[in-house]
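First comes the structure, then the notes that go with it.
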Amino acid sequence: MSSQDGLEVILPGDPLPQLNPLLNPEPSSEDMKPRTLRLGQGLALSPSTPITPILPYRFGTLHVTSSVKKPAASITSTPRHYHPSPNDPVLVTLLRVTAEQFIVQLTPYTPPAIIPFENYIINNAGTTAAARKSRPNLPHGSTIYARVAVVHKHLEAVELSVPGPEYGEVVSQKNTVNASSKSSSSAKKDTSAAASSGNAAIANRNEVTPYILTISQAMTKILIAEDTLGKPLLSAVASKVPFEMIVGKNGRVWIDGSSQRDVVKVARCFKEYDDGEMWDDPDGGAARLRELVGKVCGR
Amino acid sequence: MASASLTPEISLCPLPQSDGSCQYTCPTSRTTILTSVNGPLEVRAKDELPNDATIEVVVKPGVGVGGVRETRLAHILQTTLKSLILTTHHPRTLIQIVAQIVQSEDHTSIPLLLSPLLNCTVLSLLIAGIPMRTTGWSIHLAVLPAGTDIPNKNRNMIVGQETDGEAMQTDGEDVVVRNPNRAVFAKAKSSHTLTFSKEGEMLLIESLECSEGKGGESADGQGWEIDEWVKVMEIAQKLCCGEGVEVMRNALGEKKVF
């Protein structure tokens, strides 16, 4: 959070002189390939305005990754709605199945998204769900962890993909078995506390129903950045209750734990942290967070 | 209160359920506006545009039910905002803007309402993350005939007199007043609501001759000379691009983003 404090607010239409060195890179000896600057959210190419060839169209702070290999720039802002962008990990709900695709709900306020069967990879060998035999028989309302594949403003629906076995239907049992091996670079992460609590505790529980919590976009970003922004919250909760979570950028978090009581405790901590907008406090919410965790999880 | 603050009171996100909202109080005329922006939403089939977002503006009056005046205000807002919003980013969707007049000294006066409405809406649009080409700021300037008696507490409205209310040179020269309140506006001979983008490009002109003062005397019958209008325009441009943008940056700078 403190890293954001020094950054200047960018308004739509502001010229971005910071990007000029990335636009016209000097030819360097070791890397002669032309490097392309990737524009993330909030930035668009605008050839019609010579002062701002790269036009910021949202208010926020400029975020630049000036690495040699993959320079990228985006405007960081926290809109209330989720705007899908490619490669976002999301948690979706299955609405119905048609002959060629799963129809899923991405957010309640947008038309349904689709997962074509050929985008649904079920195992490491790359088998897709296109064949009737290999198609997973998912009940309506099941939760699928997917990735945004195609977003185009002129398309009717957002297209999602399930790029591997670590994605797919979110089942409590399946995830607990593979939990420790699954700390991939995506947002699907389990806390260290859950891993250290041992598999024995998790293996013999049967009656735990995982919880799906709807959270704000700001909260989503906090939970995904588990080592930086989310560290105070996650370490405070995890020190009391072991749990696992999967965060979808569409504002949903899936919470699982070793007992129903634990799941509810974690969900309540997250919900109250979010509703109280504790990250907005001058101290980063530390005082209120301590009080909250003490109240919910016991001292 | 010799010289009240000229910075508008802005509160961002007062409405927790809307995508972007803002409450804005004009520092001098005390007009208070509350706006809410939602979007992009699904659009009704008859309003759907194949390549653009539909912008819907509703202005709700402070007293009574909405009528022609509110429709006119909504239309002015809609056409001005259309040039700011990048509608091609979200085709076949709806961007819904609702503005509620909370408080005004004169609910029947379009000039007193228009500039706070515009500023408040632009701030809400920014909060909601609606794609915009640039931002705009609006100011209402009124021209008073030379030698008009302005009460001391309102001296800070006079352009060029913000700092010291003591020295006044109303002799011979018309007085330009910004965001006047009703009492001062009643003495005006012409009123100009002007909107400029951050870069100084003109977005809106709403100039009108006032019944009080000595309007209607110029050659073109408009109540003001063109030289006078150009002078007013230059003042407005300076204020919008300087002060206005600064106010906007300060207000948004307090909002935390991740």
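The values are calculated or read from the model by the stated rules, or taken from the named source; none is laboratory data. What you see is a predicted model, and the numbers here were worked out from it, not measured in a lab. Here the Cβ is made from the backbone with ideal geometry for all residues, glycine too, and neighbour counts use every protein chain on show. These area figures cover heavy atoms from the full protein model, side chains too; ligands, DNA and RNA do not enter into them. Shrake-Rupley method; radii C 1.70, N 1.55, O 1.52, S 1.80 Å.
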Worksheet entry | Neighbours by Cβ (under 9 Å, 6+ apart or cross-chain): first from segment A:254-282, free of Cβ contacts under 8 Å to residues at least 12 places away in the same chain; second small (Gly, Ala, Ser) and outside any helix (DSSP H, G or I) | A:Asp275/A:Ser216
Item to complete: Kindly indicate the residue of segment A:65-86 that is touching a helix residue (DSSP H, G or I) at 6+ places or on another chain (Cβ under 8 Å) and open to solvent by 60 Å² or more (accessible area, probe 1.4 Å) and also nearest to the other protein chains (Cβ to nearest Cβ) among those meeting that condition.
Response: A:Arg80
Response to the item:
Going through segment A:101-157 in order, the residues found to be in contact (Cβ under 8 Å) with a residue 60 or more places away in the chain and open to solvent by less than 50 Å² (accessible area, probe 1.4 Å) are A:Leu106, A:Thr107, A:Thr143, A:Tyr145, A:Val148, A:Ala149
Item to complete: Identify all residues within segment B:159-185 that are at pLDDT 85 or above and either among the β-branched types (Val, Ile, Thr) or open to solvent by 40 Å² or more (accessible area, probe 1.4 Å) (or both); write none if there are none.
Response: B:Val175, B:Val176, B:Val177, B:Arg182, B:Ala183, B:Val184
Worksheet item: In segment B:222-258, which residue that is surrounded by fewer than 17 Cβ atoms within 10 Å (Cβ to Cβ) and aliphatic (A, V, I, L, M) is farthest from the other protein chains (Cβ to nearest Cβ)?
Response: B:Ile226
Practice prompt. Mind counting the residues in segment A:156-191 that are within 14 Å of chain B (Cβ to nearest Cβ) and at pLDDT 85 or above?
Written response: 2
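State yes or no: is B:Leu112 of a type outside the set (Val, Ile, Thr) and either buried (at least 24 other Cβ atoms within 10 Å of the Cβ) or in contact (Cβ under 8 Å) with a residue 60 or more places away in the chain (or both)?
Working: of a type outside the set (Val, Ile, Thr): yes; either buried (at least 24 other Cβ atoms within 10 Å of the Cβ) or in contact (Cβ under 8 Å) with a residue 60 or more places away in the chain (or both): yes.
The answer is yes for B:Leu112.
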Response to the item:
Note on segment A:258-274: residues over 20 Å from the mean Cα position of the chain (by Cα), buried (at least 20 other Cβ atoms within 10 Å of the Cβ) and small (Gly, Ala, Ser) are A:Ser258
Practice prompt. Return yes or no: is B:Thr79 surrounded by fewer than 16 Cβ atoms within 10 Å (Cβ to Cβ), within 14 Å of another protein chain (Cβ to nearest Cβ) and under 28 Å from B:Arg249 (Cβ atoms)?
Written response: no
Worksheet item: What number of residues in segment A:107-122 are assigned to a loop (DSSP other than H, G, I, E, B) and either outside the structural domain of A:Ser161 (by TED's automatic domain parsing) or in contact with a strand residue (DSSP E or B) (Cβ under 6 Å, 6 or more places away or on another chain) (or both)?
Response: 1
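Within segment B:88-109, can you find the residues that are within 14 Å of another protein chain (Cβ to nearest Cβ) and buried (at least 21 other Cβ atoms within 10 Å of the Cβ)?
Narrowing segment B:88-109 to residues within 14 Å of another protein chain (Cβ to nearest Cβ): B:88-96.
Matches in segment B:88-109: B:His90, B:Ile95.
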Worksheet item: Which of the residues that make up segment A:211-243 are under 15 Å from the mean Cα position of the chain (by Cα) and assigned to a strand (DSSP E or B)?
Response: A:Ile212, A:Leu213, A:Thr214
